[in-house]
1. Across region 153-212, which residue is nearest to ligand 2 (Cβ to nearest atom) among those that are basic (Lys, Arg) and closer than 28 Å to Leu230 by Cα?
2. Scan (1) in contact with a His (Cβ under 9 Å, 6 or more places away or on another chain); (2) in a loop (DSSP other than H, G, I, E, B) for the single condition Lys244 breaks and write down its number.
3. State yes or no: is Thr225 farther than 19 Å from His25 by Cα and β-branched (Val, Ile, Thr)?
4. Of these, Ser102, Ser69, which one is modelled with pLDDT under 95 and within 29 Å of Ala28 (Cβ to Cβ)?
5. Scan region 197-219 residue by residue and report those that are within 12 Å of ligand 1 (Cβ to nearest atom) and among the hydroxyl-bearing types (Ser, Thr, Tyr).
6. So which of Ala73, Ala31, Ala80 is at negative phi and over 14 Å from the mean Cα position of the chain (by Cα)?
7. Looking at (1) small (Gly, Ala, Ser); (2) at pLDDT below 95; (3) part of a helix (DSSP H, G or I), which one does Ala133 not meet, given that it meets all the others?
8. Given the residues Ala38, Ala28, Ala17, which is the only one that is assigned to a helix (DSSP H, G or I) and touching a strand residue (DSSP E or B) at 6+ places or on another chain (Cβ under 9 Å)?
Amino acid sequence: MPLVPLSRILDAGPVFAFNVIQIEHAEAILAGAEQAKASVVLQISENAVRYHGALAPLAAAARLAAERSGADAALHLDHATDERLVREAAEHGFGSVMYDGSTLPWAENLRTTAEVTAWCHEHGLFVEAELGAIGGKDGAHAPGVRTDPAEAAEFVARTGVDALAVAVGSEHAMTSRTARLDLELIGRLHAAVPVPLVLHGSSGVPDETLVAAAAAGMRKINVSTHLNRLFTEAVRDALAADPKLVDPRRWLAPGRDAVAAEVARLSGLLKG
Ligand code: G3H
Ligand code: ZN
């Protein structure tokens, strides 16, 4: 199917956004979504772009994989701090971007996010921004940080962003699913903020809390580490089972299958 704008997917209800690091991720995520008859967001982070050295090849792979899949999928740029990368995304099929100024002081986050958003809207891009740094990787702020609903409402009004990532208790890159979210805060943010809310660092959030977070108002639920953990476990098992393996397809395929199965299972959770 042709790529679908993120706004259209979010209008229909809560959705998972999964990170694409290599082509197998895109194939697995789309296969899982198709199996669950769910919409999905394929997102490529600035870190993944850094790993590949360029945006275009992975973006093209994800877009072309989405076009030959039966699932409704949006292509989204994740955690971009470099404004040049945001501009580049507009040329490579992305319908939406996350501009992440969350580690900047309030006034600077406000100013740069407003500028990037104005540019994006002129070029037809939907913008997600972040307020209240979500702890975890890259030495981001402490896990105890929370987004204040009144500040969030002011931030959205003054920047014009289309979606907002908020800090409600999750942390990036957790490898155990033991995070406790502040569901009451999610409800207050949902009431105060007129745009869809985004949950980052959802790998550490147990199934039932993910469902409760969506019910409380989370619309886009970002998961990366959890899928990578399952992918790597399956690869490790395949390599251990046959130390003579040399063809990468023989050990990548189990990783890809494990991710597809989990995407299908998680997507089913949001369908109620
Ligand atoms: O932006 C991506 C996510 O927030 C993923 O976080 O790796 O902790 O699931 P995670
Ligand atoms: Zn994130």
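The values are calculated or read from the model by the stated rules, or taken from the named source; none is laboratory data. Just so you know, these numbers come straight off a predicted model, no measurement behind them. Methodologically, a virtual Cβ is constructed for each residue, glycine included, from the backbone with ideal geometry; neighbour enumeration extends over all protein chains shown.
1. By that ranking, first place goes to Arg177.
2. (1)
3. Here the answer is no, as Thr225 does not meet what is asked.
4. Just a single option satisfies the conditions, and that option is Ser102.
5. Ser202, Ser203
6. So the residue among Ala73, Ala31, Ala80 that is at negative phi and over 14 Å from the mean Cα position of the chain (by Cα) is Ala31.
7. Of (1) small (Gly, Ala, Ser); (2) at pLDDT below 95; (3) part of a helix (DSSP H, G or I), only one is false for Ala133: (3).
8. So the residue among Ala38, Ala28, Ala17 that is assigned to a helix (DSSP H, G or I) and touching a strand residue (DSSP E or B) at 6+ places or on another chain (Cβ under 9 Å) is Ala28.
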